[in-house]
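Data block below; observations after.
Rule-based calculations on the coordinates, nothing more; no lab input. Keep in mind that this is a model prediction, so the values were computed, not measured. Glycine also receives a Cβ, built like all others from the backbone with ideal geometry; neighbour counts cover every protein chain displayed.
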Amino acid sequence: MSGAREEPALRDLRDQLEQAVRSLGDRTVADTVTRMALEAALCALVHGSQALADPEAIHRAAVYGLATEQLAPAVRAPEAAVFRALLELCGEPPDGVLTAAAPAADPAVVTALRRTLVLLTVAYDVGENRSVTRRMEIWSGAAPTGVNRKRIRQEISWDETPAGVRAHRLREGAATQSFQLYP
């Protein structure tokens, strides 16, 4: 794996999967299907371990996951498809840690999400005692019926707070840091 630190158990699993893929070769349809499944597992393992090495990606994935849970019913699509479409709309790079192992976003879901999602923000309120509240706002449904605003508040630990937010609090003393994820 390119430069990322790998846990020994993950390295062993990766090595075993690579050996299994090599040993299958091109034999039968069943072997081909098995090989494809092993290659997919290997790809997920590699990208998953890269994500574990990138704590900021883990924080972004948590935020996108919360938004996905709220938006999937509105666009009438599976959460996995909405998650991938949301990554695209929010500007996650196609070869980034969160997107590289995922299939390409379904254009129909991207279009439906673009029609539904008006605004997506996240803010972190950091108290003097390092208590942290993550606040998300999801504005959706720009239709004749109006716009819906969903607010989600979560108490998170200092360690679960993105490093940039912690550093901003310590350097600047700012209690709140906000991000507009979409548009």
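A few notes on this one:
- GluC sites (Glu not before Pro) restricted to the stretch 126-183 and DSSP loop, no more than 11 other C-beta within 10 Å: Glu128
- With neighbours defined as other Cβ atoms within 10 Å of a residue's Cβ, the residues Tyr124, Tyr182 order from fewest to most as Tyr182, Tyr124.
- Loop chymotrypsin sites (Phe, Trp or Tyr not before Pro), the stretch 134-183, which have at most 14 other Cβ atoms in a 10 Å radius of their Cβ (DSSP): Trp158
- If you bin all the Cα-Cα distances of the stretch 121-183 at 10 Å, starting from zero, the percentages per bin are 21, 46, 21, 10, 2.
- Dividing the mean sequence gap of close Cα pairs (under 8 Å, 6+ apart) by how many residues the stretch 94-175 holds gives a relative contact order of 22 percent.
- Compactness of the stretch 55-182, expressed as Rg and Dmax over alpha-carbon positions, Å: 15.3, 46
- Gained length - Glu18 relative to Ala62, 0.36 nm times residue gap less alpha-carbon distance: 12.9 nm
- Label reach from Gln154 (point 7 Å along Cα→C-beta): in the stretch 68-89, amide nitrogens under 17 Å belong to 68-72, 79-80, 83-84, 86-87.
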